[in-house]
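Undergrad: Input: one structure, supplied below.
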Amino acid sequence: FKYGHNKGLYTVKRKTINSGNIVTRLYAYGGTKNIPTDYRNYSSRLRFSDEAYIEDDEAIRAFGLIEGAKLFEEIFPKYTGKVTAIGEDPNTFSDSSIGFDLNEKDAEGNTKYLIDGISAKITFNTGSLAGYTFEVKEGGYDHSTKTFTILKYEDERGFVFPSVDNSTFRIAVGDEFIITDICPPQSYIDAAENSLREAALEYLNANKAPRVQYSVDISEDYLKRIAGSGTVNIFDVGDYLGLVDTEIGVDRSGEASIRLTQFSRSLTSKTAYNYSLD
C-alpha cells in the first residue's frame, strides 16, 4: 500500500517514530577466528572490502550521512564438516567431504593452513558433544583417509570427553563440526566475506530509516478491486502487509513487510471494505 490516488491509502498516521538508531553508512566487521596474519592490510577481523562499509544513497539524501558500526562475531571463514565414520579409538573420526589437506605445504615447505605453535581445534555444532572444543592431536590428521584424531578433554568435574565408558558422550556419525585456529583456503574466506556483506546489507536496510508504527485507512474502492467482490474477512491479525512511505524513505514491501497488530472494520459502511489497520 502507498499513499495517493489509486495506491490504496487515503490517510497515514505515524504513531511512534524512533530515529535514534538510523544508519545510512554501515561499517561491518566479522569475527577474528581463522583470519590470516596478512589479511586485508593486517586486519584482525573479517571484512568484505578494504573500506569495510556499505551505504544507501537514497537514505543519505533523505537523512544525511549517519555512520554506524556493527560486529558480526559469528561470521568468519570456516569449514563446516560432518562426521562420516568413527574409528576404533573414540577420539578418532573421519569426514569424507573435506576438500583440503590440513598438512599441505607451500613451495618453501611451510604449512599453508596449520599455524606454527598453535593446534587446530574441532568444535562440534551438533550431537552429544555440541559446544565442546577439542585440540587436534599433533600430526592428528591423515588426508589419505580424511581422518582426525583429537585430544581428550577433561572438565572440572573430572569427566572425560569423548567418553570411553559412556556412549552418550561420544562422537557419532552425522555430527557437524567446524575447524578453527587455522588459515583456511581462500574459497572459505571469500564465502565468509560474502556472508558478511549480506548480513550488513540486511542490517542497513532495517536501520536506514526511522522505525515507525503506522495507523492507516484503506480506500474501499482499492480494497474491493484487489480483494474481489464477495470477500468479507480480508485481514487477520498477524498478516504481513507491504507499505511504502516515501516522505521519510520507508519501503517495507516484499520480505521487509510490516506485521498487522490490530484492525477495525466499520459495521455501518455500505460496503464490506471499510478497514483501519495498525
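The values are calculated or read from the model by the stated rules, or taken from the named source; none is laboratory data. Every value quoted in this text rests on a predicted model; they were computed, and no experiment measured them. Ideal geometry is used to build each Cβ from the backbone, glycine not excepted, and the neighbour counts take in all protein chains shown. The protein model used for the area step is the full one, side chains on, heavy atoms only, and it has no ligands, DNA or RNA in it. Shrake-Rupley method; radii C 1.70, N 1.55, O 1.52, S 1.80 Å.
Undergrad: Expressed in nm to one decimal, what extension gain is obtained for the pair residue 259 and residue 160 from 0.36 nm per residue of sequence separation less their Cα-Cα distance?
TA: This chain segment gains 30.8 nm when fully extended.
Undergrad: May I ask for the distance between the Cα centers of the range 185-213 and the range 57-117, given as a whole number of Å?
TA: Each part's Cα centre sits 18 Å from the other's.
Undergrad: Here's a follow-up. In nm, to one decimal, how far is the residue 61 label point from the residue 14 one, both placed 7 Å along Cα→Cβ?
TA: For the pair residue 61/residue 14, the computed spacing is 1.8 nm.
Undergrad: Would you please give the FRET efficiency between residue 118 and residue 266, computed as 1/(1 + (r/R0)^6) with r the Cβ-Cβ distance and R0 = 45 Å, to the nearest 0.05? Write out the running numbers ahead of the final one.
TA: On the way: r = 70 Å, r/R0 = 1.55.
For residue 118 and residue 266, the calculated efficiency is 0.05.
Undergrad: If every alpha-carbon in the range 8-84 counts as one equal scatterer, what log10 I(q)/I(0) does Debye give at q = 0.23 1/Å?
TA: -1.06
Undergrad: Rounded to the nearest percent, how much of the accessible area of the chain (1.4 Å probe, protein heavy atoms only) is carbon and sulfur? Spell out each step's value before the answer.
TA: Working: 7320 of 16090 Å².
Carbon-and-sulfur percentage of accessible area, whole number: 45.
Undergrad: Sticking with this structure for a sec: I'd like to check one number: the per residue accessible area of the range 117-188, probe 1.4 Å, reported in Å² as a whole number.
TA: Numbers: 3880 Å² over 72 residues.
Result: 54 Å² of accessible area for each residue.
Undergrad: In whole angstrom, how long is each semi-axis of the equivalent ellipsoid of the range 180-228, when you take the square root of 5 times every eigenvalue of its Cα gyration tensor and sort them from largest down?
TA: Values: eigenvalues 417, 47, 10 Å².
In descending order the semi-axes read 46, 15, 7 Å.
Undergrad: Please list log₁₀ I(q)/I(0) at q = 0.32, 0.35 Å⁻¹ for the range 92-133, using the Debye equation with identical point scatterers on the alpha-carbon positions.
TA: One equal scatterer on each Cα of the range 92-133 leads to -1.13, -1.16.
Undergrad: Please compute P(r) over all alpha-carbon pairs of the range 150-267, binned at 10 Å starting from zero, and give each bin as a whole-number percent.
TA: Cα pair-distance distribution for the range 150-267, in percent: 9, 22, 17, 15, 16, 14, 7, 0.
Undergrad: Under 5 Å between amide H atoms, partner at least 5 residues away or on a different chain: which partners does residue 47 have, H built in plane at 1.01 Å?
TA: Counting only residues 5 or more places away or on other chains, the set is 30.
Undergrad: Next question, about the same structure. Report the label-to-label distance for residue 101 and residue 44 in nanometres (one decimal), using points 7 Å from each Cα along the Cα→Cβ vector.
TA: About 3.4 nm, to one decimal.
Undergrad: Here's something else I'd like to know. Can you work out the PRE-style zone for residue 138? Point 7 Å along Cα to Cβ, and I want the residues of the range 76-100 with backbone N under 20 Å.
TA: Output list for this probe position: 91-92.
Undergrad: Something else about it: Cα axis of helix 186-207 to longest principal axis of the chain: angle in degrees, 0 to 90, nearest 10?
TA: Approximately 30 degrees, to the nearest ten.
Undergrad: Which far-off residues, 5 or more places away or on another chain, put their amide H under 5 Å from the one on residue 250, with H placed in the peptide plane?
TA: The list, which skips near neighbours in sequence, is 245.
Undergrad: Over the residues of the chain, compute the C-alpha Rg and express it relative to 2.2 N^0.38 Å. Don't jump to the answer; show the numbers that get you there.
TA: Numbers: Rg = 27.3 Å, N = 278, 2.2 N^0.38 = 18.7 Å.
Scaled against compact globular proteins, the figure is 1.46.
Undergrad: May I pose another question? What are the extents of the Cα atoms of the range 3-150 along their three principal axes, in Å, largest first?
TA: Principal extents (largest minus smallest coordinate, Cα): 72, 37, 26 Å.
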